[in-house]
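S.K.: This structure is in structure tokens; I'll ask about it shortly.
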């Protein structure tokens, strides 16, 4: 038998209103971050990794991979009170509705992400959907990344114990 899960501190689908917003911690991007992402993804395009090549580019220096910005925003979302209080009730990300990169992120840019719950709907009796928009701006206030994603959330009547025993929902 499994130990009961303490959910008293968690936010459920019913607790999260459309319009809920928060600002995540800022993150300063280093060249090593970009190189590490390139190594992980095997995306070694010169504009991302070769500073000498990038000097003569439109940007004057290397730029971060767009999906690296999306990944950082995702991680920063989880480091907010919202992320902590939905650790158990945020069941899964169902996908991205939009991803846009209006401006590049460069070495030494400090990126701050804000998010907002922009839509909410029922999924079934025990689960609901939240659509969240994440906007990242650099230290100059320029929008560098924006994306919308849909999450499946537990409602207050979601049966965590049965799911834990079964291993899936």
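S.K.: Of the residues that make up the range 90-108, is at least one surrounded by 19 or more Cβ atoms within 10 Å (Cβ to Cβ), at pLDDT 95 or above, part of a loop (DSSP other than H, G, I, E, B) and out of contact with any strand residue (DSSP E or B) (no Cβ under 6 Å at 6 or more places or on another chain)?
M.R.: No, there is no match, as no residue in the range 90-108 is surrounded by 19 or more Cβ atoms within 10 Å (Cβ to Cβ), at pLDDT 95 or above, part of a loop (DSSP other than H, G, I, E, B) and out of contact with any strand residue (DSSP E or B) (no Cβ under 6 Å at 6 or more places or on another chain).
S.K.: Test of understanding: among 41, 28, which residue is closer than 18 Å to residue 138 by Cα, surrounded by fewer than 14 Cβ atoms within 10 Å (Cβ to Cβ), more than 14 Å from the chain's Cα centre (by Cα) and in contact (Cβ under 8 Å) with a residue 24 or more places away in the chain?
M.R.: Every option except 28 fails the conditions.
S.K.: Against the condition in contact with a strand residue (DSSP E or B) (Cβ under 9 Å, 6 or more places away or on another chain), loosely packed, with under 15 Cβ neighbours inside 10 Å and part of a helix (DSSP H, G or I), how does residue 83 come out, does it pass?
M.R.: no
S.K.: Sticking with this one: Consider the range 11-25. How many of its residues are surrounded by 12 or more Cβ atoms within 10 Å (Cβ to Cβ), touching a helix residue (DSSP H, G or I) at 6+ places or on another chain (Cβ under 9 Å) and either modelled with pLDDT under 95 or in a helix (DSSP H, G or I) (or both)?
M.R.: Summing the residues that are surrounded by 12 or more Cβ atoms within 10 Å (Cβ to Cβ), touching a helix residue (DSSP H, G or I) at 6+ places or on another chain (Cβ under 9 Å) and either modelled with pLDDT under 95 or in a helix (DSSP H, G or I) (or both) in the range 11-25 gives 3.
S.K.: Which condition number in (1) at pLDDT 95 or above; (2) assigned to a helix (DSSP H, G or I); (3) out of contact with any helix residue (DSSP H, G or I) (no Cβ under 9 Å at 6 or more places or on another chain) is the one that residue 34 fails?
M.R.: Going through (1) at pLDDT 95 or above; (2) assigned to a helix (DSSP H, G or I); (3) out of contact with any helix residue (DSSP H, G or I) (no Cβ under 9 Å at 6 or more places or on another chain) one by one, residue 34 breaks only (3).
S.K.: Separate question: Residues 134, 77, 87: which one is under 27 Å from residue 28 (Cα atoms), at pLDDT below 95 and touching a helix residue (DSSP H, G or I) at 6+ places or on another chain (Cβ under 7 Å)?
M.R.: 77
S.K.: Could I ask something else about it? Counting only residues that are within 29 Å of residue 59 (Cβ to Cβ) and not in a strand (DSSP E or B), which one in the range 109-140 is farthest from the chain's Cα centre (by Cα)?
M.R.: So, considering only residues that are within 29 Å of residue 59 (Cβ to Cβ) and not in a strand (DSSP E or B), the one farthest from the chain's Cα centre (by Cα) is 140.
S.K.: Here is a follow-up. Which condition number does residue 68 fail, the rest of (1) in contact with a strand residue (DSSP E or B) (Cβ under 9 Å, 6 or more places away or on another chain); (2) in contact (Cβ under 8 Å) with a residue 12 or more places away in the chain; (3) outside any loop (DSSP other than H, G, I, E, B) being met?
M.R.: Of the numbered conditions (1) in contact with a strand residue (DSSP E or B) (Cβ under 9 Å, 6 or more places away or on another chain); (2) in contact (Cβ under 8 Å) with a residue 12 or more places away in the chain; (3) outside any loop (DSSP other than H, G, I, E, B), the odd one out for residue 68 is (1).
S.K.: Here's another thing I want to ask about it. Need the failing condition index for residue 156 against (1) surrounded by fewer than 16 Cβ atoms within 10 Å (Cβ to Cβ); (2) assigned to a strand (DSSP E or B); (3) in contact with a helix residue (DSSP H, G or I) (Cβ under 8 Å, 6 or more places away or on another chain), just the number.
M.R.: (2)
The values are calculated or read from the model by the stated rules, or taken from the named source; none is laboratory data. Everything quoted here is computed from the prediction, not taken from an experiment. Positions of Cβ are generated from backbone atoms using ideal geometry, with glycine treated the same way; all protein chains shown enter the neighbour counts.
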